[in-house]
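Comments concern the structure below.
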Amino acid sequence: MSQKQQLGPLGESLVARYYADQGAQIIVRNYHTRQGELDLIILLDGRLVFVEVKTRTNNKYGEPQEAVDETKLDKMSSAAETFLKEHHWTGQVEFQVAVVFLAKASYKIKILAIE
């Protein structure tokens, strides 16, 4: 597995642990539908949160959250809609991007709400 292929799962694990430390319940990791994929689905403070994780070691290709374009948002929304129907969820929902910056021996996580 290449370094790039290892970054995604590592970032997702770090973000899952971050949310768990905040009191969130991890519902699903890597939820797949024909319409799209969601990296994490969590329950936090009574609301269901759909999280896209972007992991980077540098900003060579721009800010990580810039990779969450209109096409990706549409796929996330469609996948979320499928999940909501399957689980009969009628409560509050939210979409977030979790950006993970990896350095040699440390990391930083930044959570951004998607409006």
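No lab work stands behind these numbers, since they all come straight from the coordinates. Since this is a predicted model, take the numbers as computed values, not measurements. Glycine also receives a Cβ, built like all others from the backbone with ideal geometry; neighbour counts cover every protein chain displayed.
Some values worked out for this structure:
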| item | result |
| --- | --- |
| Share, in percent, of DSSP beta bridges within the chain that are antiparallel, nearest 5 | 70 percent |
| The chain: calculated mean residue ellipticity at 222 nm from DSSP helix runs of at least 4, using -39500 (n - 2.57) | -11000 deg cm²/dmol |
| Cα convex hull volume per residue for segment 49-112 (Å³) | 89 Å³ |
| Gyration tensor (Cα) of segment 3-114, equivalent ellipsoid semi-axes in angstrom | 23, 16, 12 |
| Rounded to 10°, Cα long-axis angle of helix 3-21 versus longest principal axis of the chain | 60 degrees |
| Among 14-20, 95-101, the order from most to least packed when residues are scored by Cβ within 10 Å on average | 95-101, 14-20 |
| With Cα atoms, 0 to 90° folded angle of helix 70-87 axis to the chain main axis | 40 degrees |
